[in-house]
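Below is one structure, written out as structure tokens; comments come after it.
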Amino acid sequence: MITFKKLRYKNILSTGNYFTEIELDQTSNTLIVGTNGSGKSTMLDALCFVLFGKAFRNINKPNLVNSINGKDCLVELEFTTSNKDYKIVRGIKPNKFEIYQNNELINQDAASKDYQEFLEKNIIKLNYKSFTQIVILGSASFTPFMQLSPADRRTIIEDLLDIQIFSTMNNLMKDKIAENKETTNEAKNQIKLITQKYDLQKKYLDEKNQNTDDRILELQNEEQINLKQTEKLFIEIDSLQKEVEQFDPIISMKKTIEDKIKKISKLELQIEGNITKCEKDIAFFDHSDNCPTCRQSIAEEFKSSELINLNAKIKEYENGLEQIKIKLSETQIKLSDITCTQKKVQSIQIEIAKKNATITELQKYLTKIQKEISSLKNNKSNASKDHDELESLKLELLALQESLKELLDEKTYFEVASGLLKDSGIKTRIIKQYLPIINKLVNKYLASLDFFVNFNLDESFKETIKSRHRDEFSYNNFSEGEKQRIDMSLMLTWRAVAKLKNSSNTNLLILDEVFDSSLDNNGTEYLMNILQMLEGVNLFVISHKGDILQDKFANVIRFEKMKNFSRIKK
Ligand SMILES: Nc1ncnc2c1ncn2[C@@H]1O[C@H](COP(=O)(O)OP(=O)(O)OP(=O)(O)O)[C@@H](O)[C@H]1O
Ligand SMILES: [Mg+2]
């Protein structure tokens, strides 16, 4: 319950640079009168401005400032609620917005928007829409409940039933659901990305391993082939060396054979020399009869014996020579055999050397192969870095999948909660409980205003209005006076519900020219009767029907305009 106590304002609209003060809780009903433009409705703008930062009439904030003074527009409102005294001070030029609780300024650190929200949600528990349906009803910019959109109707009823909290929670839930959706999408994208990364890394590693394994196998095969080839060459060299060794005794005889040939050749020359000498001697004896030295004649006997001797010697020599020649040719054949063998040995040795060279090459290549094998094996065991990376990707993926699962679980909870918080959820249940009460109250007030129709508001806040002997009518079917009866009945209903719920309940009710336009005398009478029966209400009625109404009010405030400024007539 809010008890509004005092309203003060200056430099707002036609009010000048002095405070116009209105006590709000002093008399149960006050009539406010004055000529057109004297400043009566200004109090509604002052109230709306101080509470919500905007005028009641449809004008912008800067237009609220008194155009003559052009500054120091200031409104102050005092009220109590929840056993605390509050004072709100709001101004334009300079801008001001202060809330005092028990004379202490409430921390203004928050942005002005949040400060306003704090005021509406935590202190007055009313918003502009509800305030203009429940506390002030004016001709200026009053939109009857029946002409509000279903969403606005819902806002007012939720305020009344104090169930706005579910809408707030639902909005928070919507934010959470949107956030959850965004995070889920992000997680899904991330999972897709990491999966791709993981697959690529795995494929790369598998291929790399496979290639390494293949290459090692290939090299090991080559190693085996190399070793076999080398072994075969060693065996071949061994057998060739053995072959060479076989020829060693033959070759070692070469020198002896050569010496022998030399000796035989020398002997042959000697024998040939001997034969020549013998033949010379024979020729001498054949042609000479005297000794060349002593000039004595050579005896014939001697001569012939000497010739026989010499011819025998020649014969002997020639036999020997023949023998020697045979021996020589035999020996020479032997020597040429040896030379032949020697050539063969040489060619074998060349072959051995070639094979040795091949072995050297093979061994060089073997070293190279073995180096490559060990380096590949090393690389393979050093591939742990790649494996670590793969492992960390896997872990990351698992964590992401886990958080995705959590997000999806969360989504399910949110959806359930959102279902409860939605308009059709808990709120509808509560509203459904109150709708019969609301409808009953509306119909009661309508009857009190001598308007006998059956009004029914359903859970989507659509009305049906049935009147006796007539079809179902919509609000717009009715006459202005009838419409005003409906508007009044709804306003009174909201106030009754507010009292019941102690939610948007206030002492203040201001009706601006409600009596003036369309209500006939009966209507005015009935409404006044109802209003006078309201308990704990400080009623303010702004009207031009002062003459008719005056005696029904305990207090009258008269506004007047003096030198372009509005003021309360003393
Ligand atoms: N910014 C402004 N500065 C000065 N005067 C203004 C400003 N804006 C509006 N006015 C004037 O202030 C007056 C506002 O009066 P208000 O609406 O309170 O009159 P009222 O007594 O309710 O009149 P009515 O009986 O016609 O409803 C009007 O004369 C209007 O022209
Ligand atoms: Mg007015």
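Each of residue 517 and residue 162 was given a label point 7 Å from its Cα along the Cα-to-Cβ line. The distance between the two points is 3.4 nm.
Counting protein heavy atoms only, the range 190-391 has 53 percent of its accessible area on carbon and sulfur, 1.4 angstrom probe. Between the listed residues 292, 342, 309, the Cα displaced farthest toward the positive end of the dipole of the range 190-391, a dipole computed from Cβ unit charges relative to the Cα centre, is found at 342.
Per-peptide packing, taken as the mean over residues of other Cβ atoms within 10 Å, places 510-516, 145-151 in the sequence 510-516, 145-151 from highest down. When a 1.4 Å probe is rolled over the protein heavy atoms, the share of accessible surface on the range 444-570 that falls to carbon and sulfur comes to 44 percent.
Between residue 389 and residue 100, what FRET efficiency follows from the Cβ-Cβ distance if R0 is 60 Å, with the result rounded to 0.05? Intermediate results must be reported in sequence, preceding the final value.
Numbers: r = 64 Å, r/R0 = 1.06.
Efficiency, from the Cβ-Cβ distance: 0.40.
Taking Cβ atoms as reference points and 14 Å as the exclusive limit, the residues near residue 142 contribute a net charge of -4, counting Lys and Arg as +1 and Asp and Glu as -1. Can you give the angle from 0 to 90° between the axis of helix 426-448 and the longest principal axis of the chain, with both taken from C-alpha atoms, to the nearest 10? On a 0 to 90 degree scale, this one is about 20.
Axis of helix 254-287 versus longest Cα principal axis of the chain: the two differ by about 20°, to the nearest ten degrees. Could you state the number of Å between the C-alpha centres of the range 368-388 and the range 520-570? Each part reduced to its Cα centre gives a spacing of 101 Å. By the gyration tensor of its Cα atoms, with a ≥ b ≥ c the square roots of the eigenvalues, what is the shape of the range 190-391: rounded for a/c under 1.5, prolate for a/b over b/c, or oblate? Note, shape of the range 190-391 comes out prolate.
Contour minus end-to-end for residue 240 and residue 530, with contour as 0.36 nm per residue of separation and end-to-end as the Cα-Cα distance?
Values: separation 290, 0.36 × 290 = 104.40 nm, distance 14.02 nm.
Length difference between fully extended and current span is 90.4 nm.
Only protein atoms count toward the accessible area here, which uses a 1.4 Å probe; on the range 89-170, the carbon and sulfur part of that area reaches 49 percent. Of the cross-linked pairs 5/563; 262/355; 54/561; 422/499, those separated by over 32 Å at the C-alpha level are 262/355.
Think of a 1.4 Å ball rolled over the protein heavy atoms: the chain then has 57 Å² of accessible area per residue.
Fully extending the segment from residue 295 to residue 356 would add 13.7 nm, taking 0.36 nm per residue of separation and subtracting the current Cα-Cα distance.
For the chain, the longest principal axis of the alpha carbon atoms and the long axis of helix 480-501 meet at an angle near 70°. Of 220, 356, 274, whose Cα points farthest to the positive end of the dipole of the range 190-391 (charges on the beta-carbon: +1 Lys, Arg; -1 Asp, Glu; origin at the Cα centre)? Positive-most Cα among the choices belongs to 220.
By how many nm would the segment from residue 462 to residue 6 lengthen if fully extended, with 0.36 nm per residue of separation less the alpha-carbon distance?
Working: separation 456, 0.36 × 456 = 164.16 nm, distance 3.76 nm.
Extending this stretch completely gives an extra 160.4 nm.
The values are calculated or read from the model by the stated rules, or taken from the named source; none is laboratory data. The shown structure was predicted, so the numbers you read here are calculated from the model rather than taken from an experiment. So basically every Cβ, Gly included, is an ideal-geometry build from the backbone, and we count neighbours across all protein chains shown. Side chains included, ligands, DNA and RNA excluded: accessible areas come from the protein's heavy atoms. Shrake-Rupley method; radii C 1.70, N 1.55, O 1.52, S 1.80 Å.
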